[in-house]
Amino acid sequence: MGEVLGKVLVVDDDEVIRQLIAVNLSLEGFEVATATDGEDCLDQVLDVMPDVITLDVMMPRLDGWETAQRLRDGEATRHIKVVLITARAQDDDRRRGMGIGVDAYLTKPFDPAELIEVVGELAATARG
């Protein structure tokens, strides 16, 4: 095993998608933790302290928008890179994401290679 490329917290309420993302990132050399929704993400984030969070937008309890906003509002979490993953790709959604300060935006269905590239670039930036 080579050096870990970074820590990623994968947040999606769909188990199949969550596992797909986690497996792809693990195979690439990332250390991966998973969360089932926004509340679960916020519960875990300080323990995991990921470099990057992939965040599904449409989730029960706490959606990706609100989760991203809370991460940005938190002193200990505002530096974490956030990738929003959504089936909605309208311009107003992108603007909303950029307004919150998310770092990247991927549309479902996404290309796993693109996801790995985006997460890799953000993790490298996060790790300095």
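The values are calculated or read from the model by the stated rules, or taken from the named source; none is laboratory data. Predicted model only: the values in this text are computed from it and were never measured. When we count neighbours, we look across all protein chains shown, and the Cβ atoms used for this are built from the backbone with ideal geometry, even at glycine.
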Which pairs do you get when a residue that is under 15 Å from I21 (Cβ atoms), found in the stretch 31-42, comes within reach of a residue that is among the polar types (S, T, N, Q) and in a helix (DSSP H, G or I), reach meaning Cβ atoms under 6 angstrom, with the pair 6+ apart or on two chains?
-> V32/S26; A35/Q44; C41/T67
Those residues of the stretch 60-97 which are among the polar types (S, T, N, Q), touching a strand residue (DSSP E or B) at 6+ places or on another chain (Cβ under 7 Å) and at pLDDT 90 or above, in sequence order | T67
The lone condition V57 fails out of (1) modelled with pLDDT under 95; (2) closer than 20 Å to L27 by Cβ; (3) aliphatic (A, V, I, L, M) is (2)
Subset of the stretch 114-128 [farther than 15 Å from I53 by Cβ and either without any contact (Cβ under 8 Å) to a residue 60 or more places away in the chain or surrounded by 20 or more Cβ atoms within 10 Å (Cβ to Cβ) (or both)] = E114, E117, G128
Can you spot a residue in the stretch 70-87 that is among the β-branched types (V, I, T) and touching a residue at least 40 places away in the same chain (Cβ under 8 Å)?
-> yes
